[in-house]
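The values are calculated or read from the model by the stated rules, or taken from the named source; none is laboratory data. Since the model is a prediction, treat every value here as computed from it, not as a measurement. Neighbour counts run over all protein chains shown; Cβ positions are idealised from the backbone, glycine included. Please note that ligands, DNA and RNA were not included when accessible areas were found on the heavy atoms of the full protein model with its side chains. Shrake-Rupley method; radii C 1.70, N 1.55, O 1.52, S 1.80 Å.
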Amino acid sequence: MDRTLRQLQEQAGATFEEDSTIPASFGNDSDAIAAATTRVVLCDRSHWGLLELTESDRTRFLHNQTTNDIQSLKPGQGCDTVIVTSTARTIDLATIYITQESILALVSPGQVPRLIEWFDGYLFPMDRVTLKDVSDKFAIFNLIGPGSDAILQQWGNGAIASQPNRSHQLVQLDDVEIRIAVGSGLALPGYTLIVPLDNAAKVWSKILEAEAMPLGDRAWEQLRIRQGRPKCDRELTDTYNPLEAGLWDYISFDKGCYIGQETIARLNTYKGVKQRLWGIRLSVPVAPETEITADGSKVGILTSVVETPEGTLGLGYVRAKAGGEGLTVKVGEAEGEIIAVPFLSHP
């Protein structure tokens, strides 16, 4: 953690939970959540992991290990892709950035050591691939909201706004070289900034000077559940596959063989998706892992829940045969309604 960055964040009102390296809140959660949809917010996601793959076989290797078409990408392009087991159970949702010299994979907090061990199990002695954890060398910031473009235009980097999602480029911000990528990590407009750690405080200050509102991790968790982004150890576990998790947009059905491909192809071909991840509007708060019932029968499980100014929202898996959007359910003692969330798709 950059101590200068932490001091700047504390001066802006940040509070930190024990053993956390990122702000839990800036004391403005409701205002920041509103600004994420109407203006622009700045969020520190430096606790997320950054995995670097180098050497000549890196693209082929990652292509064969994840669900999306990595080999079709050129330097400056990227995509989201799901890392799955051989039986197509979800491990993580990663964002991939292709550069001239390497592949950068932005992964969930705490997942890099697990993923290096997982990938290492599929490396053969002749494979020319090196895996390296570079999380401690960079800060990861998100600009989220429709005002993000205006900040990039102020910096003279507005041209990237017209590029497809996950496109990225190195830019010079004053005397600091940073990587800016299209996409906020949510189904909201914005950008991901990969910043050398020793210049993180300088870049953070410059973004706040451009009138972005800081947003803490508790508010980001609210946005995550509102948007429907699945989370490791909640919605992404060895109980579920990426089709059930609503991650269809991050799967290539034409790329050929990869780990878990046969199972995913079979589920798609034979309409074998038995449960789906949905948003749930709840009448009162209930704990994750509470059963979801309809007409007295269990139809699913609640995986995440958050209280918001508009009420309690959750995410949960619901049996496909029970229904989808608009279904009325019980979640413990709470009344619930299944709702669509923008990050997920259920073709």
Any idea what the dipole of the chain comes to, in debye rounded to 20, about its Cα centre with Lys/Arg Cβ at +1 and Asp/Glu Cβ at -1?
-> 960
Cα convex hull of region 32-142: mean projected area in nm², to one decimal?
-> 8.0
For region 100-148, what is one quarter of the convex hull surface built on the Cα atoms, given in nm²?
-> 5.2
The extension gain from Asn165 to Ser56, computed as 0.36 nm times the residue separation minus the Cα-Cα distance, is 36.7 nm
Round to a whole number: what % of the accessible area of the chain belongs to carbon and sulfur, probe 1.4 Å?
-> 46
If you build the Cα gyration tensor of region 194-256 and take the root of 5 times each eigenvalue, what three semi-axes come out, in whole angstrom, biggest first?
-> 33, 17, 12
Between region 131-159 and region 236-296, how many Å separate their Cα centres?
-> 30
In whole Hz, with x marking every Gly and Pro, tabulate ³J(HN,Hα) for region 131-142 from phi via Karplus 6.51 cos²θ - 1.76 cosθ + 1.60, θ = phi - 60°.
-> 10, 9, 7, 10, 4, 7, 9, 9, 9, 10, 10, 10
Starting from the residue with the highest accessible area, list His47, His168 in decreasing order, probe 1.4 Å.
-> His47, His168
Heavy-atom accessible area order for Asp133, Asp69, Asp2, Asp198, largest first, 1.4 Å probe = Asp198, Asp133, Asp69, Asp2
Classify region 89-175 as rounded, prolate or oblate, taking a ≥ b ≥ c as the square roots of the eigenvalues of its Cα gyration tensor: rounded when a/c is under 1.5, otherwise prolate if a/b is larger than b/c and oblate if not.
-> prolate
In terms of the Cα gyration tensor, with a ≥ b ≥ c the square roots of its eigenvalues, is region 229-279 rounded because a/c is under 1.5, prolate because a/b exceeds b/c, or oblate?
-> prolate
Provide Rg and Dmax in Å for region 269-347, with only Cα atoms included in the calculation.
-> 11.9, 42
What are the ³J(HN,Hα) values, in whole Hz, obtained from phi via the Karplus relation 6.51 cos²θ - 1.76 cosθ + 1.60 with θ = phi - 60°, for each residue of region 272-278 in sequence order, with x given for Gly and Pro?
-> x, 7, 8, 8, 9, 8, 9
Under the rule of -39500 (n - 2.57) per DSSP H run of 4 or more residues, summed and divided by the residues of the chain, what mean residue ellipticity at 222 nm is obtained, to the nearest 500 deg cm²/dmol?
-> -6000 deg cm²/dmol
For region 326-331, Karplus-derived ³J(HN,Hα) couplings (6.51, -1.76, 1.60; θ = phi - 60°; whole Hz; x for glycine and proline) come out as x, 5, 8, 9, 10, 10
Area of Glu10 that stays accessible when all protein chains are in place (1.4 Å probe, Å², to 10) = 90
Under 1.5 on a/c is rounded, so check that first for region 116-258, then, if it is not, pick prolate when a/b is larger than b/c and oblate when it is not; a ≥ b ≥ c are the square roots of the alpha carbon gyration tensor eigenvalues.
-> prolate
Which percent of Cα pairs goes in each bin when the distances of the chain are cut into 20 angstrom slices starting at zero?
-> 30, 58, 12, 0
Along the charge dipole of region 1-134, which of Gln7, Ser25, Ile98 sits closest to the positive end, that is, farthest toward it, with unit charges on the beta carbon of Lys, Arg, Asp and Glu (+1, +1, -1, -1)?
-> Ile98
Using amide H atoms built 1.01 Å from N in the peptide plane, name the residues 5+ places from Ile339, or on other chains, whose amide H lies under 5 Å from its own.
-> Gly279, Ile280, Arg281, Gly326
If packing is taken as the mean number of other Cβ atoms within 10 Å per residue, what is the order of 324-331, 36-43, highest first?
-> 36-43, 324-331
